[in-house]
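The structure under discussion appears below in the form of structure tokens.
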Amino acid sequence: TLGARVEYVLGTYDETPEGEVRKDLEATFAKWEIAKRVERSNRGKMQKAKKGKFVTGKVPYGYRIDPEAFGGLAVDPDEAATVQRIFELYVAEAKSIRAIIEVLTREGHEPYTQGGKWVKSSVKKILETTNYAGYFFYNKYKRNGKKIRLKSKSEWIKIECTPLVSQEL
């Protein structure tokens, strides 16, 4: 609304030209501080990736974060068996994703999301994820506001992990 007034918790600013300048300077320094924090955080993530460790994001089904494990991901035996079953059904038995969901549900495999149920997008994501063949990439995408774009392959950092299925499969 017109005439609304902003009140500052950490500072008081005179309603003078000098007070306005001081307020603007402090806002500029706050933005700079945030930018430096983001830069340091990104630099740390890049170093972690270059050391061959899982950095960030949703942990793939079949793994758990473990900094001491190969690639920073430890194998979850029950979920790994489910992943192997999905690949077996899809490749060896030529089952559709819908048929795989029916088998997983019938056999009592724990879904990708706790308390949920198997859905096509979860099975499809498992079949497309390279982690299960023993590698994944960091620094693959760049966010620009709400848009995400794929970076050049030369910028990707390949990280190896324990495979759950053979390369051939």
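The values are calculated or read from the model by the stated rules, or taken from the named source; none is laboratory data. None of these values were measured; they are calculated from a predicted model. Note that each Cβ is placed from the backbone with ideal geometry, even for glycine, and that neighbours are counted across all protein chains shown. All accessible areas refer to the heavy atoms of the entire protein, side chains included, with ligands and DNA or RNA removed. Shrake-Rupley method; radii C 1.70, N 1.55, O 1.52, S 1.80 Å.
The C-alpha atoms of the chain define a longest principal axis, and helix 17-50 lies at about 20 degrees to it. Annotation: per residue accessible area for the chain equals 72 Å², rounded to a whole number [probe 1.4 Å, protein chains only].
With springs only between Cα atoms under 10 Å, which of Ala133, Ala94, Ala30 fluctuates most in a Gaussian network model of the chain? Its mean-square fluctuation being the largest, the pick is Ala30. For region 111-169, a/c is not less than 1.5, where a ≥ b ≥ c are the root eigenvalues of the C-alpha gyration tensor, and a/b does not top b/c. That puts it in the oblate class. For Lys151 and Gln84, a Förster radius of 25 Å and the Cβ-Cβ distance give a FRET efficiency of 0.20, rounded to the nearest 0.05.
Inter-label distance, Ser41 to Gln167: 3.7 nm, where each label sits 7 Å from its Cα along the C-beta direction. Among 13-23, 39-49, sorting by the average number of other beta carbon atoms lying within 10 angstrom of each residue, highest first, gives 39-49, 13-23.
Subtracting the Cα-Cα distance of Glu102 and Glu15 from their residue separation scaled by 0.36 nm leaves 24.5 nm. Computed about the Cα centre, the dipole magnitude for the chain is approximately 660 debye when only Lys and Arg (+1) and Asp and Glu (-1) carry charge, each at its Cβ. Over the chain, the ratio between the Cα radius of gyration and 2.2 N^0.38 Å evaluates to 1.54. Here Glu26 and Lys125 are evaluated by their C-beta separation; at R0 = 35 Å the FRET efficiency comes out at 0.20.
Ligands, DNA and RNA left out, the 1.4 Å accessible surface of the chain is 53% carbon and sulfur atoms.
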